Amino acid sequence: MLPNIVLIGFMGCGKSSVGRRLAGLTGHRFVDTDDLVTQAEDRSISEIFADAGEAYFREVEQRVLEETVGVCGIILSTGGGLVLREPNQVALRKIGVIGWLDADPEVLFERASRSGKRPLLQTENPRETFDRLLDSRLGIYTEVADFRIDTTQMNHDEAAQHVLDEALRRHRRFEG
Ligand code: S3P
């Protein structure tokens, strides 16, 4: 049986769009940790950051992730900062094979700032904030991921196909 697939990566890397396509390709159910947080709190991510702060958001994020451990048949898209907490890294490994969607920083920044809805980039100098955050996280994505896909030159359908191929290859190797 096809394992769960977890998508990690920086804001703007396309986790949700690629994850939805992967769900279409595999028949797995699409689950997004940001959606789970929003549902649990009955308010938007921006509202949670504004009203309760990032630390509170991280608590809820960790809780909804822990509740996802043991669920089968899912494609899990994660918020870009979810991998920061070590218990979350452990939980992700239990959930499924972990694919990191990466892209050139220019492309990531363009995609991440497009919606204007990302609270962490609502600063005086969003580009500087973006560079600092990306720099501090690249090592963690590298460590946590089972594989990395560079989506710079890919549309979402192509990225989804690449993730699926890679996840299947790893799964087969694992199963012997
Ligand atoms: C965050 C990324 C966001 C969301 C929150 C914090 C981060 O998700 O979880 O705004 O710390 O990088 P996306 O990666 O889906 O934008």
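The values are calculated or read from the model by the stated rules, or taken from the named source; none is laboratory data. Note that this is a predicted model, so its numbers are computed, not measured. Here the Cβ positions follow ideal geometry from the backbone for every residue, glycine too, while neighbour counts run over all protein chains shown.
The table below gives the values:
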item: Verdict on Asp51 being among the acidic types (Asp, Glu), more than 13 Å from the ligand (Cβ to nearest atom) and farther than 25 Å from Arg127 by Cβ; result: yes
item: Lone qualifier among Ile98, Ile48, Ile75 - being surrounded by 14 or more Cβ atoms within 10 Å (Cβ to Cβ), among the aliphatic types (A, V, I, L, M) and more than 16 Å from Asp146 (Cα to Cα); result: Ile48
item: Criterion violated by Glu66 - all others in (1) in contact (Cβ under 8 Å) with a residue 40 or more places away in the chain; (2) outside any loop (DSSP other than H, G, I, E, B) satisfied; result: (1)
item: Helices (runs of 4 or more DSSP H) fully within region 74-176 counting 3 or more residues that are under 18 Å from Asp34 (Cβ atoms) and either of a type outside the set (D, E, K, R) or at pLDDT 95 or above (or both); result: 86-95, 105-114, 126-144
item: Count - residues of region 81-131 that are among the β-branched types (Val, Ile, Thr) and more than 14 Å from the ligand (Cβ to nearest atom); result: 5
item: Residues (outside any helix (DSSP H, G or I) and within 13 Å of the ligand (Cβ to nearest atom)) located in region 7-29; result: Leu7, Ile8, Gly9, Phe10, Met11, Gly12, Cys13, Gly14
item: Candidates Arg43, Arg21 - the one that is within 16 Å of the chain's Cα centre (by Cα) and at negative phi; result: Arg21
item: Whichever residue in region 30-39 is part of a helix (DSSP H, G or I) and within 13 Å of the ligand (Cβ to nearest atom) and, among such residues, is farthest from Ile98 (Cα to Cα); result: Thr38
item: Members of region 12-25 that are surrounded by fewer than 21 Cβ atoms within 10 Å (Cβ to Cβ) and not small (Gly, Ala, Ser); result: Arg20, Leu25
